[in-house]
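Structure record follows, encoded as structure tokens.
Read-outs throughout are calculated quantities, based only on the coordinates presented, and are distinct from any laboratory measurement. None of these values were measured; they are calculated from a predicted model. Every residue, glycine among them, receives a Cβ derived from its backbone with ideal geometry; neighbour counts consider all protein chains shown.
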Amino acid sequence: MAKAIRYHKQGGPEVLQLDDVEVGDPAQGQVRIRHTAIGVNFVDTYQRSGLYPMQLPQTGGNEGAGVIEAVGPGVTDLKAGDRVTYTGLPGSYCEQRLVPADRMVKLPQGISEDQAASMLLKGLTVHYLIFSTYPVKKGDTVLWHAAAGGVGLIACQWLKALGVTTIATAGSPEKMALAKAHGADHVINYSTENFVEKVKAITGGKGVPVVYDGVGKATWEGSLDCLCPRGLMVTFGNASGPVAPVNLGILSAKGSLYVTRPTLASYIATRADLLERSKALFDVVLSGKVKIETTARYKLTDAAQAHRDLESRKTTGSVILQP
């Protein structure tokens, strides 16, 4: 039996409970992983709360890293003892589990399991956003909301390495300083300042070609006003709640704008995409251009507190659970 943090109904952090679960042996195409580090992300809270409906009972979490204990029939490129990581598989808040082998990514030397659990979902998110959803170019200026979060801190560093100017928003002086230290060129406190006015001042009234927004409801309208004509609004998260239904006419009124609501799953749907994006992430981290820091560690049994702290904006950077 293995320990797992599950919820039998959707709701607040209090619905998370410690259960014993049977794991068993891997079937065709599966491996059994023993977790050494488990990532905590906002999507975990959306699933737990009911914003994203889930089949119940459900084990929390979506990404982890650890060591393969056993491989099932048909698995030829992985073996017991391999260090691996994964993302996008609900059910990671546990000591052990069975997972599809083709969703596993081997960890190269120089990348720790704590780092992997801290960065795979967040780092792959940054990669698809800046290389695929809106392929940035050297000299571009972009707006990134919630830049002191796990995704934001990776983005600030990666964009700096690409020669992109980043206007970053955060909710406190401390978080602004953190974003600045990680490569943001301009920082705005969106709790106390009018970020639209600030962005227009920084860009000489032009606005930016793209806004990357993981905040959602609270920043939606202002973000549209930060875009230049034919700019792209990328809304990829709901930290403040989902964006309300929109009259599409607002996009024409504000300059023939584009809007997209991408998900990581669509960008790593094939194994080739998963491996290509993972390699790019590992390479930029190993180069030192992007540094991954695990800023908070909780015991697996303290998952509910990790969710409380994440949702109340007490955390910055990357949060992990340790079995």
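Annotations
- Contact order normalised by residue count of region 138-261, Cα under 8 Å, 6+ apart, percent: 20 percent
- Between amide H atoms placed 1.01 Å from N, distances below 5 Å from Arg97 occur with Ile33, His35, all of them 5 or more places distant or on a separate chain.
- Summed side-chain charge close to Ser191 - residues other than Ser191 whose Cβ falls under 14 Å, Lys, Arg +1, Asp, Glu -1: +1
- Distant alpha-carbon pairs in region 180-309 (separation over 20 angstrom), percent: 63 percent
- Relative contact order (percent, whole number), region 1-96, Cα cutoff 8 Å, 6+ residue spacing: 35 percent
- The chain: C-alpha gyration tensor shape, a/c 1.5 cut-off, then a/b vs b/c: prolate
- Amide H contacts under 5 Å for Gln322, placed H, 5+ residues apart: Tyr298, Lys299, Leu300
- Positive-end residue of Tyr128, Ala65, Ala239, charge dipole of the chain with Cβ unit charges: Tyr128
- Cut-off 11 Å (backbone N to label point 7 Å along Cα→Cβ of Thr260), residues of region 203-239: 232-235
- Across Lys217/Lys254; Lys122/Lys314; Lys175/Lys217; Lys122/Lys254, pairs whose alpha-carbon gap is larger than 24 Å: Lys122/Lys254
- Positive dipole terminus of region 138-261, leading residue within Val210, Asn194, Gly171 (C-beta point charges): Val210
- Derived scalar couplings between HN and Hα for region 131-146 equal 10, 10, 4, 9, x, 6, 10, 3, x, 5, 10, 10, 10, 10, 7, 6 Hz in order, rounded to whole Hz, by the Karplus curve 6.51 cos²θ - 1.76 cosθ + 1.60 (θ = phi - 60°), x for Gly and Pro.
- Arg297 versus Glu311: modelled label distance in nm, points set 7 Å from Cα along the beta carbon direction: 2.6 nm
- FRET efficiency, Asp82 to Ala181 (Cβ-Cβ, R0 22 Å, nearest 0.05): 0.05
- Taken about its Cα centre, the chain carries a charge dipole of about 640 debye when Lys and Arg each add +1 at the Cβ and Asp and Glu each add -1 at the Cβ.
- The chain: relative contact order in percent, alpha carbon pairs under 8 Å with at least 6 residues between: 18 percent
- Cβ-based exposure ranking for Leu264, Leu159, in which fewest neighbours within 10 Å come first: Leu264, Leu159
- For region 138-261, a simple Cβ point-charge model (Lys and Arg +1, Asp and Glu -1, everything else neutral) yields a dipole of about 220 debye relative to the Cα centre.
- Quarter of Cα convex hull surface for region 1-55, i.e. mean projection, nm²: 4.8 nm²
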